[in-house]
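The values are calculated or read from the model by the stated rules, or taken from the named source; none is laboratory data. Computed from a predicted structure; not experimentally measured. Cβ atoms come from the backbone with ideal geometry, glycine included; neighbour counts cover every protein chain shown. We work out accessible area using only protein heavy atoms, side chains counted, and drop any ligands, DNA or RNA first. Shrake-Rupley method; radii C 1.70, N 1.55, O 1.52, S 1.80 Å.
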Amino acid sequence: MTGQMRNLCTLLGIEEEVPSRLLADLLGVHAERPLTDPPPFPSDVADDGTPVEFSIQFDDDGRRHLRTLCEALAPEPTAANNLTAAQDLLSVLAERHHLDLGKLDAVRDLLTPEHPQGDFSWWWSFIFPQGAAAPKIKIYVNPAMHGEEEAPKLVEEAFQRLGLHGAFATATKFGMQRHGQDRFAFFALDLDDSPTARVKLYLAHRDADVAVAERAAAAVPGIEAGRIREFCDVLAPGTAEFTRRPLISSYSFVEGDDSTPSNYSLYLPLRDYVEHDGIALERVQELFRGQDLAPESITEVLRAVTDRPLADNTGLIAHVSLRLSPGTSGNSVYVSSEAYGGTRR
Ligand code: TRP
């Protein structure tokens, strides 16, 4: 993974020192473990249990940013120990990277159950913007860490405490229209103090068609909602219903948003809707051509992480997202390290 990270940094023109150090901090004692051993804990970050996933954010203006989604694993990983490890890591990173913990502290007691439930408690995102010296750090939490039935309460209470009083009602009205099939998947906080620091809510839509995403997107006025169907048609042509891994929506709220999010994003788990990664690559290239992004920019990303024949498996491209804000849009591509062998077919 260190080599892949280095290659991605070189490709994107990002200084590799900070990303490599963060990856080492994250992996802790597990960094030395041979990858021929089974994963120390079945992290849900990636299909093969690797606690790290890369993504590349492509902006409208051609800028590209490297990000990693990761889970801190305790030396003896269990749900409770991993939550402790995440908090220990927070103390280290808060000091070193001058994180603003104001938002997190407002909700922290909600996010630290004694007996955490579900697939994970806290995940991290480290974002390395092109041309910036400092990383941005974001924390993702599992709304179901007190149990699935408690998830709505957790989300509602967190929004209230963060002063986003109308956010829960908006997200529920537009994004949770199908009882039992739409669920709260992730809740996330940017740990910086800029006015654009976001509070994000992610919803997973089981067995959804494109109209479900379009209805969810209607929470954000002024975005090009027509792009949603186009995005799904290019990436998963002929898919009437996303019956495998679900489509996921997210809303971002920034300071002053209260009840109307300033962004809607849609995440499509491409790996479930292609025969193999060669096809996944072709579809992302087609998507990029339609958006004036260079199609080879995604090929280069895949080459930076692997030289395996693309037709051998699916899952190298795990998700692709479409980001829509009034006046701007962008895409991100989520790439597996395949450190533990990748998605099993
Ligand atoms: N691996 C999980 C999934 O596929 C979580 C996840 C990782 C995810 N990266 C993501 C979800 C990107 C949505 C978008 O659902």
- [ ] Please work out, to two decimal places, the log10 of the ratio I(q)/I(0) at q = 0.11, 0.13, 0.19 Å⁻¹ from a Debye calculation in which every Cα of region 1-129 carries one identical scatterer.
- [x] -0.42, -0.58, -1.18
- [ ] Counting helices only, and only those DSSP H runs with n ≥ 4, report the 222 nm mean residue ellipticity of the chain as the sum of -39,500 (n - 2.57) divided by its residues, in deg cm²/dmol to the nearest 500.
- [x] -9500 deg cm²/dmol
Task: Residue (of LEU268, ALA208, SER249) at the positive-pole extreme of region 186-309, dipole from beta-carbon charges - done: ALA208
- [ ] Could you order MET1, MET145 by accessible surface area, starting with the largest, using a probe radius of 1.4 Å?
- [x] MET1, MET145
Task: Kirkwood estimate for region 65-178, i.e. one over the average of 1/r between Cα atoms, Å - done: 15.5 Å
Open item on the list: Placing unit charges on C-beta atoms (Lys and Arg positive, Asp and Glu negative, everything else neutral), compute the dipole magnitude of region 2-336 about its Cα centre in debye, rounded to 20.
Closed with: 420 debye
Open item on the list: Compute, for region 56-119, the length of the dipole vector about the Cα centre, with Cβ point charges of +1 (Lys, Arg) and -1 (Asp, Glu) only. Units Debye, rounded to 20.
Closed with: 180 debye
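Determine the relative contact order of region 1-91: mean sequence separation of Cα pairs under 8 Å and six or more apart, normalised by residue count, in whole percent.
22 percent
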- [ ] Evaluate the relative contact order of the chain (contact order divided by residue number), counting alpha-carbon pairs under 8 angstrom at least 6 apart; express in whole percent.
- [x] 18 percent
Open item on the list: Given 25 °C and 0.890 mPa s, compute D for the chain with the Stokes-Einstein relation, Rh being the Kirkwood radius over Cα pairs; round to the nearest whole µm²/s.
Closed with: 121 µm²/s
TODO: Could you run the Karplus curve 6.51 cos²θ - 1.76 cosθ + 1.60 with θ = phi - 60° over region 206-222 and give me ³J(HN,Hα) per residue in whole Hz, x for Gly and Pro?
DONE: 5, 6, 9, 9, 4, 4, 5, 5, 5, 5, 5, 5, 5, 5, 10, x, x
Task: Pairwise Cα inverse-distance average, inverted: Kirkwood Rh of region 104-241 (Å) - done: 16.6 Å
Task: Linear extension gain, GLU150 paired with ASP307, 0.36 nm per residue minus alpha-carbon span - done: 52.1 nm
Open item on the list: Spelling out what I want: for every residue of region 180-193, take phi, set θ = phi - 60°, compute 6.51 cos²θ - 1.76 cosθ + 1.60 (Karplus), and round to whole Hz; glycine and proline get x.
Closed with: x, 10, 9, 9, 6, 9, 9, 10, 9, 10, 6, 9, 10, 9
TODO: Report the normalised scattering of region 231-345 as log10 I(q)/I(0) at q = 0.14, 0.21 Å⁻¹, calculated by the Debye formula with identical scatterers on the alpha carbons.
DONE: -0.61, -1.18
- [ ] Can you work out the PRE-style zone for THR328? Point 7 Å along Cα to Cβ, and I want the residues of region 292-321 with backbone N under 19 Å.
- [x] 292-294, 321
Task: Positive-pole candidate from PRO116, PRO34, ILE14, dipole of region 2-336, charges at beta carbon - done: ILE14
